[in-house]
1. Cα gyration tensor of the stretch 362-457, axes a ≥ b ≥ c as square roots of the eigenvalues: rounded (a/c below 1.5), prolate (a/b > b/c) or oblate?
2. Determine the distance separating the Cα centre of the stretch 1-36 from the Cα centre of the stretch 436-464; give it in Å without decimals.
3. Which of Thr242, Met126, Leu303 sits closest to the plus end of the dipole of the chain, meaning its Cα is farthest towards the positive end, when Lys and Arg get +1 and Asp and Glu get -1 on the C-beta?
4. If you take the square roots of the eigenvalues of the alpha-carbon gyration tensor of the stretch 280-337 and sort them as a ≥ b ≥ c, do you get rounded (a/c under 1.5), prolate (a/b over b/c) or oblate?
5. Local charge sum around Gln81 (other residues, Cβ-Cβ under 14 Å, Lys/Arg +1, Asp/Glu -1)?
6. Within the chain, what percent of beta bridges assigned by DSSP are antiparallel, to the nearest 5?
7. Given the peptides 396-404, 316-324, 164-172, arrange them by the average over their residues of other C-beta atoms within 10 Å, most packed first.
8. Given N residues in the stretch 2-313, what is Rg(Cα) / (2.2 N^0.38 Å)?
Amino acid sequence: MDLLIRLISYSKVYWRRLVVAALASAGVGMMEGAFAWLVEPLMKKIFAEKQLVVFTLLPFGIIILFAFRGICRYLNDYYMQTTGQLAIQKIRNDIYEKSMRLSLGFFNEQSTGMLMSRVLNDVGAMQHGVANIITGFFRDGLSAVTLLGVIFYRNWQLAIISFLVIPATVYPAQLIGKKIKRLSKLSQEKMGDVSSVLQETFSGVKVIKAFGLEDREIGKFQQRNLEYYYNIRKSIKYDSLTAPVMETITSFGVAGVIWIGGATVMSGKMTTADFFSFITAMALVYSPVKKFINSYNVLQRALGAAERVFEIIDKVPDVVDPPEPVKVGRVAGTVRFDNVSFSYDEEPVLQNISLTAAKGEIIALVGPSGGGKTTLVSLISRFYDVRSGAIFIDDIDIRQMRITDLLHQIALVDQETILFNDTIANNIRYGNTLATDAEVEAACVAAYAHDFILEMPDGYDTSIGDRGVRLSGGQRQRLCIARAILKDAPILILDEATSALDTESEQMVQRALENLMANRTTFVIAHRLSTIFKADKIVVMENGAIQECGNHGELLANNGLYKRLYDMQFKE
Ligand SMILES: Nc1ncnc2c1ncn2[C@@H]1O[C@H](COP(=O)(O)OP(=O)(O)OP(=O)(O)O)[C@@H](O)[C@H]1O
Ligand SMILES: [Mg+2]
């Protein structure tokens, strides 16, 4: 019930449309009732009394009645459907907005395909539901009510007899509805599996081809698709069961009416005309009642999907703005880790890290793979919050800042070169959406990307395809560097930012980065030690802890892990 109210409350803001639609449904309902009502005078005045006036006027009346009902039906459909769509659009925006605002931790747990499926398929299932519920409950409900009015007016005793069967239909209807809701939730999950496979295999198609695993993936997809079918088949079974079960039960009512009604007419207590008006109303009431019951099933299906959608909308983000954020402009850029520990789940990944980067310093992080370097710098941007300890920028705990303010201070070039299906210029502008063309170009010149961009067919306006597939690894990396340069932030994080470049362009980009690093606090992560000789401080990390810390000379003298790494890379 709460779920239903919540679902309906999404259409509350469109109450004007709903009022028009409701008036139109009232029109449709009334016309249905009027039609059943008219059967009585039709029978009596024309067939029994043979009145000519009624005979000439009635056909026109019927045409007008149907035309009016048509107009009402159109208005009703149009406004109901569009309201449903508007409400759904709002739900879809909400779920997208919510998932965008959740922390990275959420995305680690959830598969992208599953998320996409919720935004597309589940919301789609709800869409069907919302439009159907509103139409069903309003129009079919109203039609049923007016027709029932006619039925009761014509002969209330007979009406009561015919409706004695209704309580008998409630229980099976509910039972079926419940089953459908559960099955629908399962089907949506299966659809999520299908989407997951799609998303993963399309984006990882290169690996699949390289390893010749097409058949395996096709099999996997077919399997998931089949599982979806098995589920939906069960739900179809219950859906198709609804009408026959209801019809069988109501046939008892119909039989009762004909039996008792026939006897009443024969005994002269009811006119034939009255009886036919009664039967017409009974026949007409069947369709709206059936639709009404059917919309109950559609509703159950929508609720199953709604549960999955609201589950995400209701997620409480774990990385949030503080209630009273400290106002920050552009920071100077001192970054201090104070006894920071962190874990993604149970396993500790960082333990008691204390580290200070003074304004303008270059801090290099080195050490074996999996040591926690990327994790350490991702904490500065609050991709995750520390488990204990604190991180300060200019002596303000970063959790005291508004997240947008914090992110304004940081430019990041990641291990993953993430680009979007857009033009080169727009991809660079992710660094600063307001940048002029000249500024974009200057950033690209500094990142040694300008020349190759000019060689592309449309220069800066060239579209680079999904994830920048039309570029080489080194080119992608240079665009990411240009994006960071354009951001012009006081803190710079370079995580393997030059790893995909050849020695020559690395040296060039290195020079560009050196210019960029001036007056900025920089964290550099690199496996190639040649990129970090000049760092003010080199931090050697292993197993989530700082093993050594000092400048190049000091660490060599120390004769520890750094010296070993150094010797391995520069044997000759
Ligand atoms: N999203 C995540 N969820 C759970 N565990 C993670 C996640 N990301 C990293 N880890 C784990 O945290 C540890 C540190 O990973 P991290 O990426 O920080 O290492 P790294 O030093 O950057 O390694 P590399 O040099 O290979 O980039 C690893 O053991 C890794 O398995
Ligand atoms: Mg890393």
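Each reported figure results from applying straightforward, stated rules to the coordinates on display, with no laboratory input. Predicted, not measured: the structure shown is a model, and the values here were computed from it. Please note: Cβ atoms are built from the backbone with ideal geometry, for glycine as well, and neighbour counts cover all protein chains shown.
1. Verdict is prolate for the stretch 362-457.
2. Rounded to whole Å, the Cα centres lie 55 Å apart.
3. Positive-end residue among those listed: Thr242.
4. It is prolate, given that a/c is not under 1.5 and a/b is the larger ratio.
5. +2
6. For the chain, the DSSP antiparallel bridge percentage is about 50.
7. Those peptides, ordered most packed to least, come out 396-404, 164-172, 316-324.
8. Against the empirical 2.2 N^0.38 Å value, I get 1.30 for the stretch 2-313.
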